[in-house]
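A quick write-up on the structure given underneath.
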Amino acid sequence: MRRERACQTRAQDGIEVNMAAVVAIALGGAAGSVLRYALASWITYFARLGGSGTFVVNIAGAFGLGVFFGILEARYPSIPPVIRLGVATGIFGGFTTFSSFMADVVTHAEAGRLPIAIALFAATSILGIIAMVGGLAIGRAA
């Protein structure tokens, strides 16, 4: 308890901030962002279609987060919250990107490629949900 208090500070508005969680999220976010950049750049280069890298990253991230949550639920329910935050909010939050996904959709639409924009939006949304559900099932079964 004493160690946990040492990692918490009180913000001016009275909300407690767990500095260990902030650091875990920051480190995880940095790693996830670099992984996203590398993978999305590589995929977009080879696919030669804008948005393809973001699409793959978001589906893979949804699946990975589902597996992570499923494994935690089934095998490690008492894992410390700071680790959950570092991986889920940090790594997967940095790895996946809603804003880039939306920018890709709008870019295709504005360029007159409305069918591609609609397909990208629908495929990412539908496959993202399927990937999350599948990941949860696999994680829970692990």
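Laboratory data are not the source of any read-out in this text; all were calculated from the coordinates shown. Not measured: the values here are computed from a predicted model. Backbone-built Cβ (ideal geometry, glycine too); neighbour counts: all protein chains shown.
Here are the numbers for this structure:
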quantity: Label-zone membership for the stretch 98-128, site TYR37, 7 angstrom Cα→C-beta point, backbone N under 20 Å; calculated: 98-104
quantity: Between the stretch 37-56 and the stretch 57-111, the Cα center-to-center distance that results, in Å; calculated: 17
quantity: Local electrostatic count at TYR76 - Lys and Arg +1, Asp and Glu -1, tallied over other residues with Cβ under 13 Å; calculated: +2
quantity: Zone of ALA137's modelled label, taken as backbone nitrogen in the stretch 46-86 under 19 Å from a point 7 Å along Cα→Cβ; calculated: 59-75
quantity: DSSP H segments from the chain that extend 27 Å or more along their own axis, Cα-based, with Kyte-Doolittle mean of 1.0 or above; calculated: 19-47, 52-75, 114-141
quantity: Net lengthening on full extension, ARG48/VAL106 (0.36 nm per residue, minus Cα-Cα); calculated: 19.1 nm
